[in-house]
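*Asks:* Take a look at this one; I'll ask things after.
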Amino acid sequence: MSQIIPIASGKGGVGKSLLSANLAIALGQQGKKVVLVDLDLGASNLHLVIGQKPGNASLGSWFTEKSDFKDIIQPTDYQNVSFIAGDSQIPDLTSLKHVQKVKLIRNLKNIDCDYVILDLGAGTHQFILDMFLLSPQGIIVSAPAVTATLNGYLFLKNAVFRLLYTTFKRGTPGRAYLDQIKSDSKAMQKLYIPQLIQGLAKTDPATTQLFINRMQQFRPRLVMNMIEDPKDADRAQRIKASCNQYLGLEIEYLGLMYRDMLQDKALASQLPVVVYKPQSVLGQAIYRIADKVIQTQPHQFDADFIPDNFNANNFENAEEEANDDYNFKLSGIDDLVSGGSLSVGELAEMIKTQQYELTQLRKENNLLKSKLIKAANQGFKL
């Protein structure tokens with residue numbers, strides 16, 4: 001049975017695809033049969049990292065043309081590594097239907113190899129969380145930057161709540177208890193999983209025990225990328241402490257990768273780092289991560305756990321979903337500040353950065369509006 005390794009990040013640009021591609025090739029070099037899957041649907045570009053020419057066989061063609069799944073598993077130039085391309089050209093591929101998602105999960109689980117590495121999109125979209133929970137040992141990639149740290153923690157918090165709502169199905173006393181708490185935004189901001197479990201245990205003891213068991217099985221692994229100083233590695237330990245204190249979650253520290261301009265040169269050459277310069281500091285860091293992956297005993301969630309059981313009907317409408325995301329973000333900041341993962345100074349710097357980004361967006365928006373008005377006045381139809 002193949003081991004699925006989902007690789008995700010709470011924020012784009014932290015090296016998720018870099019790790020996915022190079023880890024696959026490093027494992028292949030050690031004799032492991034690997035299938036690398038580009039699941040960053042809507043922004044698929046993993047083929048560029050490994051120098052794979054885009055072809056007609058992709059997830060997009062499989063969904064739209066009803067081809068055989070084995071036909072989209074393409075060989076690569078790298079030993080023991082095959083590739084499944086995503087497809088950013090097909091509309092609506094980022095919002096798969098329930099039937100499509102179930103079909104994809106079933107086929108991914110049936111791939112005959114040692115490792116199936118899933119390069120997921122950045123963020124906390126429902127599809128991304130479901131794919132991340134295909135394994136209790138997924139990898140989350142983060143960086144020392146304040147926003148990357150915050151988004152990495154928020155991703156793990158969203159994954160825990162996804163696991164929570166998947167376990168407490170609709171119609172159970174525990175779900176009614178959760179829905180009641182969710183209606184209070186202030187309570188949600190201060191909600192810690194260990195405290196929540198105490199309340200759920202009184203309301204729905206049997207399902208609560210099932211959730212506790214799944215949380216014990218859930219052991220995501222953290223990789224810190226873009227390290228510039230050994231002190232930057234301390235951020236990983238602080239994230240680990242916050243996850244343990246506020247989420248009741250144990251995460252494993254899989255490794256770190258130093259910032260290296262070599263990766264830009266490798267990408268320009270369309271060669272993975274472990275092929276372009278295997279003896280480099282970055283290349284050796286990836287090999288160490290690969291060794292740890294091989295040495296780690298694989299685990300699975302219990303047979304009854306299906307991530308897709310938690311469907312989109314959890315949120316009644318887009319406004320409620322937006323409010324939930326906002327409250328999650330506020331609670332995430334509070335958790336990291338309280339746990340010492342973010343200092344007040346770093347928080348202030350993050351706010352300044354976001355204020356600057358908002359100002360730039362307003363300028364761009366005003367510029368676009370003026371161009372549209374000018375075009376309309378010149379007779380163009382909008």
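Just so it is clear, none of the values below were taken in a lab; they were calculated from the coordinates. What you see is a predicted model; the values in this text were computed from it and never measured. Quick reminder, even Gly has a Cβ in these numbers, built from the backbone with ideal geometry, and neighbours come from all protein chains shown.
*Asks:* Based on the Cα gyration tensor of segment 1-149, what are the three equivalent ellipsoid semi-axes, each the root of five times an eigenvalue, rounded to whole Å and given largest first? Can you show the working numbers first?
*Replies:* Numbers: eigenvalues 87, 73, 45 Å².
After diagonalising the Cα gyration tensor, the semi-axes are 21, 19, 15 Å.
*Asks:* Tell me, what is the FRET efficiency for Leu48 and Lys70 to the nearest 0.05, using R0 = 35 angstrom and their Cβ-Cβ distance as r?
*Replies:* With a Förster radius of 35 Å, E is 0.90.
*Asks:* Still on this structure, please answer the following. Just subtract the alpha-carbon distance of Thr359 and Gln270 from 0.36 nm times their residue separation and send over the number in nm, one decimal. Walk me through the numbers before you get to the answer.
*Replies:* Values: separation 89, 0.36 × 89 = 32.04 nm, distance 3.58 nm.
That works out to 28.5 nm of additional length.
*Asks:* For the pair Lys97/Thr296, report the inter-label distance in nm, with labels modelled 7 Å from Cα in the Cβ direction.
*Replies:* 3.6 nm
*Asks:* Right, something else. Mind checking the full-extension length gain between Lys109 and His125? Use 0.36 nm per residue of separation minus the Cα-Cα distance, one decimal, nm. List each step's numbers first, then the result.
*Replies:* On the way: separation 16, 0.36 × 16 = 5.76 nm, distance 2.10 nm.
In short, 3.7 nm is gained.
*Asks:* So how much slack lies between Glu252 and Ser183, counting 0.36 nm per residue of separation and subtracting their Cα-Cα distance, in nm?
*Replies:* Details: separation 69, 0.36 × 69 = 24.84 nm, distance 3.30 nm.
Additional length available on full extension: 21.5 nm.
*Asks:* Quick one: of Lys16/Lys292; Lys53/Lys109; Lys66/Lys103, which pairs are farther than 19 Å apart, Cα to Cα? Please list the in-between numbers first.
*Replies:* Details: Lys16/Lys292 17 Å; Lys53/Lys109 26 Å; Lys66/Lys103 11 Å.
Violating the 19 Å limit, Cα to Cα: Lys53/Lys109.
*Asks:* Which of the trypsin sites (Lys or Arg not before Pro) across segment 1-105 are loop residues per DSSP, with 12 or fewer other Cβ within 10 Å?
*Replies:* Working: sites: Lys11, Lys16, Lys32, Lys33, Lys66, Lys70, Lys97, Lys101, Lys103; in loops: Lys11, Lys32, Lys33, Lys66, Lys97.
Taking segment 1-105 and a limit of 12 other Cβ atoms within 10 Å, the loop trypsin sites (Lys or Arg not before Pro) found are Lys66, Lys97.
*Asks:* Between Gln198 and Ala241, what is the spin-label point distance in nm, taking each point 7 Å from the Cα along the Cα→C-beta axis?
*Replies:* 2.2 nm
*Asks:* Once both labels are modelled 7 Å past Cα along the beta-carbon direction, what's the Met1-Asn213 spacing in nm?
*Replies:* 1.5 nm
*Asks:* What list do you get for Ser2, Ser142 if you sort them by fewest beta carbons within 10 Å?
*Replies:* Ordered by Cβ neighbours within 10 Å, fewest first: Ser2, Ser142.
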